[in-house]
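What follows is a short report on a single structure.
No value in this document is a laboratory result; all are computed from the given coordinates. From a predicted model like this one, the values you see are computed outputs, not experimental measurements. Neighbour counts run over all protein chains shown; Cβ positions are idealised from the backbone, glycine included.
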Amino acid sequence: MGEKKLGLLSVVSISVGLVVATSCLVSLGEGSGTLGITFILAMVIAMILNMITVASLSELNALMPNTTGGLAQYTLAALGPFPTLLSMVGGYLVCNTMSCGVEASIFSIAVQDTSGLAIPPIVYTLVMTVVVLIANLYGVDMFAKVQDIVAFLLIGSLVVMGIIGALGLGVGAKIEQPLALETNFGSIASMTAVAFWLFIGAEYAIPVSKDVKNAKRNVPLGMMLGLVVICIMQSIMIFGFHNYTEWGELAGSAAPHLLYGYAILGNFGKVWMTLVGAFAVISTQNSTVNSLAVICQGMAKMNMLPQIFTKTNKHGVPWFGQVFVSIAIFIFAVASNNSADAIDFLILAGSVFWMVSYILAHIDVLVFRKRLPKAPRSFKVAGGLLLPFVGIIGTAYMILCISTDPHERLMIWLFTGGTFIVLAIYSALWIKFKMRMPIFKSVPIEKVMAMESNLYYLERKRVGIWK
């Protein structure tokens, strides 16, 4: 048995690296540009709600350790195939391709702005998407060796530039503007949905738990400390924004990191933020194409998606999933192309999909507490049933207050609601006629755990249960 080498600091590093992305800076610019420094309070509230979610997911992982499908398997065992399909297709596939498309759009805007070339931004996105897809189809993990470096450069750059701005050490002229634009708690609370995007994804550190020393303590604690580090880092950035960028410009910018980089370090700062952001976006898209194709392949093995998603090419790559994900990413990039409003809309819509999956995670905890109260758990959410209920209520509130603009809020509800209706129809028909299972009948935990083995799928297919 290999020695577990990852400690608490490694988990913190992984959590922070997985969460921070250039799209977070759009949310940070919108929130601080709307509230001023009081957006930090909205960030703290969103951080606490995400900590509760991390705790719930940690308990689920303790109950069903080392499951590669994560939330899909927890929900399949707790609530059955229907909520599982909704959470995975909506909460993961749609949300991740949407957010990756937004990242690609921000990348293209930044490159065009910095280069000054008369090339439509979407061309840069198309070239990047095709190059990443071709590399992955050949089984080349383009940035596996440099993803940690890219995350370090992005986070390090934000910390350094945030400190320079907050201390007033930039080469540009400091500006005079109020610290706070809104102090009303209702206005601050309504912006927690915008702040939510700054913290999602910390739970992706859970799969490394099998390699972590004292995982019972270090994995949940490391993820929570990672959220605190992100909150502190983004708060420093807000004080830097106050000194060097107009609040109004931040709120309406599709690439606020370029505005800020230029304001404190001139053209050097702009180019630096463009390069670091570009590598981060390419790395993110590379990871998304890889991971989502594998998730689709796994769901197809469980007969939850068409079997074409299981097909691999001569390099052992699930080619259809990679093509499907790449096309979806490009479609969302086109939808948000060169438009700050569209980028903001898709980020908030993506947040709703992710929030729904988080609500399901809390419900899973409540179901297992009732169904398996004495089952061994190496980690358990403190406070009995209180925190999962707080997580559900707080996350539902953020969905209801997803935007301060009533029209945009309605459009987000219509878009996400319509998408879930389509997914619900697909899920119900697929489960009834293809999987031939009761749509809400939970699958025993031991059976779900058995699905980790390839022998399970081979046997099911051999006897003709899955065609």
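Some values worked out for this structure:
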| quantity | calculated |
| --- | --- |
| Residue-span extension gain [PHE389 to GLU446] - 0.36 nm each, minus C-alpha spacing | 17.8 nm |
| Gain in span if fully extended, LEU458 to VAL367, counting 0.36 nm per residue against the direct Cα distance | 29.7 nm |
| In order through segment 123-129: 3J(HN,Hα) via Karplus (6.51 cos²θ - 1.76 cosθ + 1.60), integer Hz, x for Gly, Pro | 5, 4, 5, 4, 4, 4, 4 |
| For segment 163-172, Karplus couplings with θ = phi - 60° (6.51, -1.76, 1.60), whole Hz, Gly/Pro x | 5, 4, x, 5, 8, x, 9, x, 7, x |
| Under 5 Å, built H, 5+ apart or other chain: amide partners of ASN313 | TRP319 |
| Structure-based [θ]222 nm, the chain - -39500 (n - 2.57) summed over DSSP H runs of at least 4, per residue, nearest 500 | -23000 deg cm²/dmol |
| Residue order, fewest to most beta carbons within 10 Å, for ILE48, ILE232 | ILE232, ILE48 |
| Prolate/oblate/rounded label for the chain (Cα gyration tensor, a/c 1.5) | prolate |
| Relative contact order computed over the chain (Cα-Cα under 8 Å; 6+ residues apart), in percent | 33 |
| Under 19 Å from the LEU179 label point (7 Å along Cα→beta-carbon), backbone N, segment 152-173 | 162-169 |
| Cross-link pairs beyond the 28 Å C-alpha cut-off, checked among LYS216/LYS447; LYS374/LYS432; LYS210/LYS374; LYS5/LYS374 | LYS374/LYS432; LYS5/LYS374 |
| Cβ-based exposure ranking for HIS407, HIS242, in which fewest neighbours within 10 Å come first | HIS407, HIS242 |
| Segment 184-227 shape via C-alpha gyration tensor axes, a/c threshold 1.5 | prolate |
| Euclidean distance between Cα centres, segment 248-317 to segment 156-227, Å | 19 |
| Footprinting exposure proxy for SER190, SER32, SER58 (fewest neighbouring C-beta atoms within 10 Å first) | SER190, SER58, SER32 |
| Contact order normalised by residue count of segment 354-434, Cα under 8 Å, 6+ apart, percent | 32 |
| For segment 386-391, Karplus couplings with θ = phi - 60° (6.51, -1.76, 1.60), whole Hz, Gly/Pro x | 4, 5, x, 5, 4, x |
| Relative counts (whole %) of C-alpha pair distances in segment 59-140, using bins that are 10 Å wide | 16, 28, 25, 20, 9, 1 |
| Amide proton proximity set for GLY36, modelled H, under 5 Å, gap of 5+ | LEU181 |
